[in-house]
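See structure below.
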Amino acid sequence: MVEPDSDLRSDFQRDRDRVVHSTAFRRLEYKTQVLVNFEGDHYRTRLTHSLEVAQIARTLSRALGLDEDLAEAVALAHDLGHSPFGHAGETALDAALGRFGGFDHNVQTFRVVTRLEQRYALFDGLNLTAVTLESLIKHNGPLQEPHPAIAQHPLADAMQLGLQPPLEAQLAAIADDIAYCNHDMDDGLRAGFFSLGDLADLPLVGAVVAEVEAAYPGVDRRRLIHEANRRLIDRMVADLVAETGHRLAAVGPRSMKEVREAGRALAGFSPEMGRAVQALRGFLHQRMYRHYKVNRMARTARQLVTELVELLLAAPDCLPERWQTRAGAPGSAATADAVRDYVAGMTDRFAVDEHDRLFKLTGFRP
């Protein structure tokens with residue numbers, strides 16, 4: 001809706017600022033990326049991840065002459081709908097709410113920015129522009145079968161859900177990949193899940209590590225890791241800018257409309273860089289995301305989230321008053337809707353505390 005204010009900012013600057021000032025954004029500080037927040041002060045959280053994605057997305061957009069504020073807004077908002085405990089929490093929520101449509105963090109992000117944030121006098125949500133909403137929900141590509149929460153939104157037609165997203169959204173999605181590949185590698189090394197020597201056979205990564213070791217013999221290990229990480233990000237960004245520039249030159253889009261109608265993504269890595277990034281992803285999947293310490297925490301997190309959801313579905317009178325007003329009878333769709341939003345909004349530590357309040361003192365199990 002049009003708002004009665006005189007703003008010195010552009011529409012996309014305002015969108016970005018509203019994301020930063022939202023409650024959901026602040027909660028990201030205590031939501032797991034891979035390693036839970038209370039396992040160490042220096043591991044990435046959803047908040048620091050989002051900030052790193054935003055920095056890379058802004059750099060990419062500036063290099064290609066695009067709208068930096070739109071790219072930054074999408075990058076900062078893309079994980080607002082994540083549940084506590086990362087993908088383990090999301091898996092548990094999806095399973096526990098399976099008969100009520102499950103859970104998807106991208107859909108939840110849309111719900112956060114269009115409904116759940118309640119800060120303004122005239123509307124629910126953040127009243128983001130149609131382009132920012134489109135970029136946010138389509139940052140991973142077109143939606144051929146959009147969730148009802150998206151398809152039934154008043155701006156659904158304006159978001160042109162079946163077409164390609166704006167270039168800024170395409171770049172924000174790949175900035176997400178660049179950020180998590182590099183910071184998860186850094187966190188995995190810090191946690192001792194693997195060593196620098198284990199990276200030697202990875203394309204690009206091994207060569208960069210060897211290059212830094214040769215340039216700075218005897219350098220402190222932490223400095224070596226950060227120097228290698230810095231160079232990896234730089235090369236991924238440079239490749240992405242070059243390849244996207246080639247694609248744009250070949251297609252020659254003159255407007256956002258022509259980007260949407262291009263029929264394929266116009267932002268991307270070169271084939272060689274794409275293979276190197278995929279190899280790093282595969283390594284991290286095997287050596288970090290499946291590490292026994294991560295598996296142990298993920299199992300605990302899934303059990304905790306599952307028990308919270310099952311209890312609250314069966315006993316909506318245990319929900320805080322704000323959420324009770326949205327719930328219906330035990331086990332109803334209305335109750336599932338309230339429980340989904342309540343649990344998904346929790347930070348890791350609040351989820352642990354809430355679980356203790358509901359189970360530890362009484363010994364109750366659903």
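Observations
- If only the Cβ of Lys and Arg carry +1 and only the Cβ of Asp and Glu carry -1, the dipole of segment 115-164 around its Cα centre is close to 100 debye.
- Most positive-pole-ward Cα, A338, A351, P154, against dipole of the chain from beta carbon charges: A351
- For the chain, the longest site-free run once trypsin sites (Lys or Arg not before Pro) in DSSP loop states with at most 16 other Cβ atoms within 10 Å are removed: 120-253
- If only the Cβ of Lys and Arg carry +1 and only the Cβ of Asp and Glu carry -1, the dipole of the chain around its Cα centre is close to 660 debye.
- Under the Karplus curve 6.51 cos²θ - 1.76 cosθ + 1.60, θ = phi - 60°, whole-Hz ³J(HN,Hα) for segment 52-60, x wherever Gly or Pro sits: 5, 4, 4, 4, 5, 4, 5, 4, 4
- By the count of other C-beta atoms within 10 Å, a proxy for reagent exposure, V112, V259 are ordered fewest to most as V259, V112.
- GNM result for the chain, Cα springs below 10 Å: residue of D356, D187, D176 fluctuating most strongly: D356
- Considering only A265, H226, L304, the residue lying farthest towards the positive end of the dipole of segment 212-306 is L304, judged by Cα position with unit charges set on Cβ.
- Estimated [θ] at 222 nm from DSSP helical runs (n ≥ 4, -39500 (n - 2.57)) normalised by residues in the chain, nearest 500: -17500 deg cm²/dmol
- Largest to smallest principal axis extent of the C-alpha atoms in the chain, angstrom: 64, 48, 36
- 3J(HN,Hα) from dihedral phi, segment 110-119, Karplus parametrisation 6.51/-1.76/1.60, rounded to Hz, x for glycine, proline: 4, 5, 4, 7, 10, 9, 6, 5, 10, 10
- Taking S135, S255, S195 and counting other C-beta atoms within 10 Å, the order from fewest to most: S255, S195, S135
- When C318, C181 are sorted by how many other C-beta atoms sit within 10 angstrom of their C-beta, beginning with the fewest, the order is C318, C181.
FYI, it's all coordinate maths here, none of it is from the lab. Computed from a predicted structure; not experimentally measured. Note that we place each Cβ from the backbone using ideal geometry, even for glycine, and neighbour counts take in every protein chain shown.
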